[in-house]
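**Q** Okay, here's the structure, questions in a sec.
No lab work stands behind these numbers, since they all come straight from the coordinates. No experiment lies behind these values; they were computed from the predicted model shown. Neighbour counts run over all protein chains shown; Cβ positions are idealised from the backbone, glycine included.
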Amino acid sequence: MKMTIRLITAIALLAGFTAMQPLQAQISYGIKGGLNIANIGGADAPDSDPLTGFHVGGFLGISFLGIVAAEGGVYYSQKGYVVAIEDGPKHVYNYIDIPVVLKFSPLPLFHFYAGPQASLFLNGSIKSSDNEIELKSDDFTSPDFAIVLGAGVNVPGGLRLSVGYDLGVTPINVEEKKVYNRVLKLTIGYKF
């Protein structure tokens, strides 16, 4: 509940700041996608290996003076992990990620970003070599909140390359209290 209040407060502050700067703001939008290297962490997390997945979606940004920008997006994102035993089962979780980040561009080509992210659980499964179990959404926390951090390069012509990390702060399911999503994202995007 506290994370929801903080997210709403951040969006309200962003909207207020945007309203005060109408003549200096530039709006941009585009698409992004890339590789997810997902895993889990936390005191109750079992031994695990990374799961490779992907993310894809679109973004909308508002830039102020070309140095500071606010950016929100909606992305389909695969998360999960592989149990760390020989031929361990894959836990695959599908989410809709909704990040709202503040970007800082000290130089025209580089940017850094950070902010909150809410992730809505869609579905999931546990896949082994001879079996697949569908997971119930009732067992998963939704929305799942995370802190998003990253850095990127703005290539001339609208192309963007970035590396980001999603640090989950909400337990992923109701049974294991201290197990969190962790995702390294390698992203390529295009700003229209």
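**Q** If we count every other residue with Cβ under 12 angstrom of L159's Cβ, Lys/Arg +1 and Asp/Glu -1, where does the sum land?
**A** +3
**Q** Further question on the same structure: For the chain, what is the calculated [θ] at 222 nm in deg cm²/dmol (nearest 500), taking -39500 (n - 2.57) for each run of four or more DSSP H residues and dividing by its residue count?
**A** Estimated from H runs of four or more residues: -3500 deg cm²/dmol.
**Q** A follow-up question, please. Given a 10 angstrom Cα cut-off, can you work out which residue in Q26, Q117, Q78 is the most mobile in a GNM of the chain?
**A** Judging by the Gaussian network model, the answer is Q26.
**Q** At a threshold of 8 angstrom on Cα-Cα distance, excluding pairs fewer than six apart, so keeping six or more, what relative contact order does segment 25-191 reach in percent?
**A** On the way: 499 pairs, mean separation 38.0, N = 167.
Once normalised by length, the contact order is 23 percent.
**Q** Take the chain, connect every pair of alpha-carbon atoms lying under 10 Å apart with a spring to form a Gaussian network, then pick out the residue of I27, I147, I96 with the largest mean-square fluctuation.
**A** I27
**Q** What's the angle, to the nearest 10 degrees (0 to 90), between helix 2-20's Cα axis and the longest principal axis of the chain?
**A** Roughly 20 degrees, rounded to the nearest 10.
**Q** What is the order of E132, E71, E86, fewest Cβ neighbours within 10 Å to most?
**A** E86, E132, E71
**Q** Rg and Dmax of the chain, using alpha carbons, in Å: what are they?
**A** 17.7, 60
**Q** Another question, if that's okay. Could you compute the net charge surrounding I31? Neighbours are other residues with a C-beta less than 12 Å from the C-beta of I31; K and R count +1, D and E count -1.
**A** Taking every other residue near I31 into account, the sum is +3.
**Q** Pick from P50, P108, P143 the residue whose mean-square fluctuation is largest in a GNM of the chain, springs joining Cα atoms under 10 Å.
**A** Looking only at P50, P108, P143, the biggest GNM fluctuation is shown by P108.
**Q** Now, a different point. What full-extension length gain, to one decimal in nm, is calculated for S129 and I85 as 0.36 nm per residue of separation minus the Cα-Cα distance?
**A** 14.6 nm
**Q** If each residue's Cβ is checked for other Cβ atoms within 10 Å, how do T52, T187, T170 rank with the fewest at the top?
**A** Details: T52 12, T187 19, T170 15.
Arranged by neighbour count, lowest to highest, T52, T187, T170 become T52, T170, T187.
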